[in-house]
Amino acid sequence: MSTTVAIIEDNADFLNRFRQVIESDSSFEFVGSAINGCDGITLINQVRADAYLVDLGLPDINGIELIRHAVQTYPDCDVMVITMFADDAHVIQSIEAGATGYILKDSSSLDILDCIRTLRDGGSPISPLIARRILQKFQPAVATVSANALPLVRTSNALSEREFQVLHGLSKGLSFKEIAVKYHISSHTVARHVKKIYHILAVHSRGEAVYEATKLGILCV
């Protein structure tokens, strides 16, 4: 069964590129697009998609509002931000609004398709640059943790060694496939570990996991 995808993007060139990428793979189905926030709200109301690709820099309504509207309307959908904004404020606000992925517009076509697949497998793809910025944002807090101290979660034995490895891979912006190759396990096994990590940290996305793990001192920068 194909994965349905809708796109909300005001730049015609990017919109056409994303649509062509989606339509180039038979495992995806393009189901609609909008070029501004108002039309985006209408699109979400009328078209239930598995994944919505949302630009943050829309001319009328902040893309953050569309993220909230999509996840409130369809709690089981995924929203992936595709944007030029890599600053901390936009990243954190998108994650808090319910985005399950955050990549930059300069990502390759294969990256975009792989990210959508990762979303539907229960993961949360995030560009390496974004993951690094989130880690750097909380670096001062992490620095207060003793260099000789074990990560808090590992100390409490809440995470297994493999889960900690997967968490580390997520923090580096690796895809499920890249983590699977690195640790010689299947992508489905990675997805199971990720769900366990999300449960332990009480989060719902890769960005939130990196945020919480860094803040708690679980990850060392």
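The values are calculated or read from the model by the stated rules, or taken from the named source; none is laboratory data. It should be emphasised that the depicted structure is a prediction, and the values quoted were computed from it without experimental measurement. In this analysis, Cβ positions are derived from the backbone assuming ideal geometry, glycine residues included, and neighbour counts consider all displayed protein chains.
Residues of the stretch 194-221 being touching a residue at least 60 places away in the same chain (Cβ under 8 Å) and not in a helix (DSSP H, G or I), which ones?
Within the stretch 194-221, 204, 205, 217, 218, 219, 220, 221 qualify.
Quick one: which helices (runs of 4 or more DSSP H) lie wholly within the stretch 1-75 and hold at least 2 residues that are more than 21 Å from residue 124 (Cα to Cα) and of a type outside the set (Phe, Trp, Tyr)?
12-23, 37-46
Name the pairs: first residue in the stretch 158-176 and part of a helix (DSSP H, G or I), second residue surrounded by fewer than 20 Cβ atoms within 10 Å (Cβ to Cβ) and of a type in the set (Phe, Trp, Tyr), Cβ to Cβ under 6 Å, at least 6 apart or on different chains?
165/183
For residue 95, work out the one condition from (1) part of a helix (DSSP H, G or I); (2) among the aliphatic types (A, V, I, L, M); (3) more than 18 Å from residue 205 (Cα to Cα) it doesn't fulfil.
Exception for residue 95: condition (3).
Does any residue in the stretch 13-24 that is of a type in the set (Lys, Arg) come within less than 6 Å, Cβ to Cβ, of a residue that is buried (at least 17 other Cβ atoms within 10 Å of the Cβ) and outside any helix (DSSP H, G or I) six or more places away or on a different chain, and which pairs are these?
Matching pairs, first to second residue: 19/30.
Of everything in the stretch 42-100 that's over 15 Å from the mean Cα position of the chain (by Cα) and among the hydroxyl-bearing types (Ser, Thr, Tyr), which residue is surrounded by the most Cβ atoms within 10 Å (Cβ to Cβ)?
The qualifying residue surrounded by the most Cβ atoms within 10 Å (Cβ to Cβ) is 74.
Here is a yes/no grid of residues against (1) under 11 Å from the mean Cα position of the chain (by Cα); (2) under 20 Å from residue 7 (Cβ atoms); (3) modelled with pLDDT of 75 or more; (4) among the hydroxyl-bearing types (Ser, Thr, Tyr):
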position	(1), (2), (3), (4)
107	no, yes, no, yes
126	yes, yes, yes, no
134	no, no, no, no
207	yes, no, yes, no
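Taking the options 141, 149, name whichever one is outside any helix (DSSP H, G or I), at pLDDT below 60 and either in contact with a helix residue (DSSP H, G or I) (Cβ under 9 Å, 6 or more places away or on another chain) or under 28 Å from residue 73 (Cα atoms) (or both).
149
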